[in-house]
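Here the structure is laid out as structure tokens; the discussion comes afterwards.
The values are calculated or read from the model by the stated rules, or taken from the named source; none is laboratory data. Small disclaimer: the values here were computed from a predicted structure and weren't measured. Reconstructed Cβ throughout: ideal geometry from the backbone, glycine too, with neighbour counts over all protein chains shown. Just so you know, the surface numbers come from the protein's heavy atoms only, side chains and all, with ligands and any DNA or RNA stripped out. Shrake-Rupley method; radii C 1.70, N 1.55, O 1.52, S 1.80 Å.
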Amino acid sequence: MMMMTTATPFTQPATDWLNTLSWTAVDGSAYKKLSPAEQLHRVRHSSAHVLAAALQQLKPDVQLAIGPATATGFFYDVKTDTPLKEEDLAELEAKMRTVVGKASAFEVTSVPIATAVDFFTATNQPHKLDILKKLIVEEVTLYRCGSFVDLCAGPHVPHTGLCASTKLQNLAGSHWHGEETPTMTRITGTAWAKPKDLERYLEFLEASKARDHRVLGPQLDLFSFHPWGAGAFWHPKGMKFRRTLENYWRETLERYGYVEISNPILYKKELFETSGHWEHFQHNMFVFNNEEGEAEYAIKPMNCPDTMLFFRSKTRSYRELPLRIAEGQILHRNEATGAMHGLMRTRMFSQDDAHIFAKPDQIESEVSHLFKMLDEVYALFKLDYTLSLSTRPENYMGEIAVWDKAEASLTEALKATGRPFTIEAGEGAFYGPKIDIQIRDSLGRQWQCGTFQLDFQLPERFDLNYVDADGELKRPTVIHRAIFGSFERFMGILVEHFGGAFPTWLAPIQVAVLPISEQYLDYANEVAKTLKTAGFRPIVEAEDSVNYRVRACEMQKIPIMLVVGGREAEEKTVSVRRYHVGAKQVLPLADFMATLQQEVDEKQITLEIQTFSDLFFQDETAPSPDAVDVY
């Protein structure tokens with residue numbers, strides 16, 4: 001929009017002109033009635049203003065861009081004559097404390113947009129002018145706290161004293177409006193309503209670093225990474241962890257009525273042309289050319305197309321439906337290098353995949369069946385989850401009428417569960433709408449793992465049919481289903497969720513037997529052999545002092561240590577010491593094994609999981625954490 005300057009230019013200092021305006025203080029009583037989530041959002045937004053106010057006092061010529069609230073705090077993009085350095089953050093924090101200590105009121109006023117242009121021209125704020133040029137409004141609001149004034153849509157806290165629980169975290173380059181080379185500096189901080197919350201968040205950051213699966217995996221000798229590899233290198237202990245999880249997966253499939261198949265991983269491109277993946281997903285596939293340089297084969301990036309071939313391998317009857325088919329095959333996707341992240345995002349992975357072929361009138365009951373399975377699996381690992389319905393994307397395949405039917409079916413199935421869900425418009429797969437399941441781990445982070453996707457497209461494209469009760473051929477509906485998602489990613493999540501201290505049933509080494517001296521090594525080996533014969537995973541640690549070995553086992557997060565000496569050897573007992581508990585209990589070996597068997601069979605979690613989930617509560621009344629609270 002074209003903006004005209006005011007007829008009366010600033011003939012007096014801009015700060016003096018501000019005092020001629022009518023300012024309204026933020027209502028403190030109304031603020032107290034807000035939800036905790038909304039109050040925290042305002043604290044974070046206001047903390048960005050406190051940061052800018054402090055920086056302006058230290059560097060009066062600073063140019064300011066935007067300063068929104070984020071999911072855990074705030075940032076402000078700024079430009080200074082001399083580059084900011086990490087060591088400047090301490091001085092800046094000290095100045096912020098001064099601003100906070102004054103408890104200056106946040107006040108708001110409205111001015112014509114042309115007047116705002118004059119003001120930010122006079123105060124040399126070109127980035128504010130860039131923002132104003134894109135607004136199609138007659139008036140804008142300014143907020144001030146003390147002498148600091150900013151272009152802002154609000155809302156804010158009543159006064160700066162409410163922004164005391166903040167900490168600056170880092171500096172980074174920032175691109176203004178898509179420029180190739182960053183010309184601005186982003187100052188990032190965290191802000192909380194109470195000092196104890198800030199303290200816990202800083203503890204969370206340290207825990208996140210310590211629990212990082214890329215650190216813990218090698219430390220616990222589970223897996224490692226190499227830049228030449230497309231995935232993780234699984235060590236013997238890691239394979240025990242992996243196989244235990246896969247065995248649980250197969251046991252669960254059996255109980256929920258699935259059959260498992262295994263198909264090739266290399267196919268002619270015609271398979272993916274038929275499925276539609278060649279058109280919509282080829283850029284993420286590894287493709288092999290023939291002698292003429294034409295694409296001929298591709299490694300499959302998902303299990304969907306070849307599962308359609310399995311269904312079509314013989315004539316199907318309605319009596320077979322719903323047919324639940326699982327496949328945990330290795331998949332490959334040509335992900336961007338910058339997207340790689342340990343086990344969480346890799347080019348080679350195994351998918352916890354299943355496809356359910358059902359009659360239309362079975363969709364609702366099958367979704368209910370899936371939620372029963374989902375609840376069991378996530379509850380076992382103490383993982384909470386939220387739901388969303390993702391609808392037709394721009395690059396959709398098929399007819400809109402078919403999409404409308406699929407979305408309506410999933411909506412009804414979701415409503416039937418009685419669980420709350422959100423709508424994510426345009427986020428569906430190209431072949432159908434989906435229910436996305438976001439799990440929340442003990443660190444309070446959300447992960448996209450599970451998904452239920454309704455598909456009327458692939459049965460049509462592969463001409464799939466079953467013989468119905470009336471003898472007529474009918475088209476099945478396909479439900480794509482994943483609960484773990486990628487095995488690798490889920491295992492990475494579990495490493496961080498449990499901090500490497502796995503429940504006994506899942507631990508690669510369940511028991512370490514520690515003889516107090518070499519004299520009792522024979523009895524230690526006898527105990528270990530008895531445990532192994534019973535199906536447990538023991539080791540014997542006999543080198544170095546007992547205290548050293550106890551510490552080493554603690555570092556390896558082995559759930560149980562059995563210390564044995566003369567008394568234990570004579571009485572056929574064991575002295576039981578649990579990870580992070582320390583207290584010992586002497587039990588007959590047979591009694592200990594009975595307790596251990598029950599713990600493993602019931603897949604108990606005996607160790608309390610350190611959780612930070614309460615720091616990241618969800619509130620429907622809170623704004624989106626990604627919302628930018630500036631024009």
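Structure notes:
- For the range 238-254, 3J(HN,Hα) per residue [Karplus equation, 6.51 cos²θ - 1.76 cosθ + 1.60, θ = phi - 60°, Hz, x = Gly/Pro]: x, 5, 5, 4, 5, 5, 4, 5, 5, 5, 4, 4, 5, 4, 5, 4, 4
- Per residue, the accessible area of the range 120-195 comes to 45 Å², computed with a 1.4 Å probe over protein heavy atoms only.
- Amide H contacts of residue 184 (H built 1.01 Å from N, under 5 Å, at least 5 apart or other chain): 174, 176
- In this structure the range 488-548 gives 40 Å² per residue of accessible area when probed at 1.4 Å with all protein chains present.
- Relative contact order (%) - the range 330-418, alpha-carbon pairs under 8 angstrom, separation at least six: 29 percent
- Accessible area (Å², per residue) of the range 331-382, counting only protein heavy atoms and a probe of 1.4 Å: 39 Å²
- Environment charge at residue 606 (Cβ cut-off 9 Å; Lys +1, Arg +1, Asp -1, Glu -1): -1
- Span from the the range 524-574 Cα centroid across to the the range 213-235 one, whole angstrom: 27 Å
- When the alpha-carbon atoms of the range 368-499 are used, the pair Rg, Dmax equals 16.5, 56 angstrom.
- The chain - percent of accessible surface contributed by carbon and sulfur, probe 1.4 Å: 51 percent
- The angle separating the long axis of helix 36-58 from the principal Cα axis of greatest extent in the chain is about 50 degrees.
- Cut-off 11 Å between beta-carbons: net charge of the residues surrounding residue 255, Lys and Arg +1, Asp and Glu -1: -1
- Relative contact order (percent, whole number), the chain, Cα cutoff 8 Å, 6+ residue spacing: 13 percent
- Greater than 31 Å apart at Cα, pairs in 134/209; 128/196; 102/133; 32/167; 300/532; 240/584: 134/209; 128/196; 102/133; 300/532
- The range 245-302 versus the range 67-121: alpha-carbon centroid distance in Å: 52 Å
- Residue 59 long-range amide H proximity, modeled H, under 5 Å: none
- The distance linking the range 147-202 with the range 336-378 is 38 Å (Cα centroid to Cα centroid, whole angstrom).
- Label of the coordinate-derived value, Kirkwood radius over Cα pairs in Å, listed as (i) 27.9; (ii) 29.0; (iii) 25.5: (ii)
- Amide H contacts under 5 Å for residue 564: 514, 516, restricted to partners 5 or more places along the chain or on a different chain, H placed in the peptide plane at 1.01 Å from N.
- For the peptides 433-440, 15-22, the ranking by packing is 433-440, 15-22, with the highest mean count of neighbouring Cβ atoms within 10 Å listed first.
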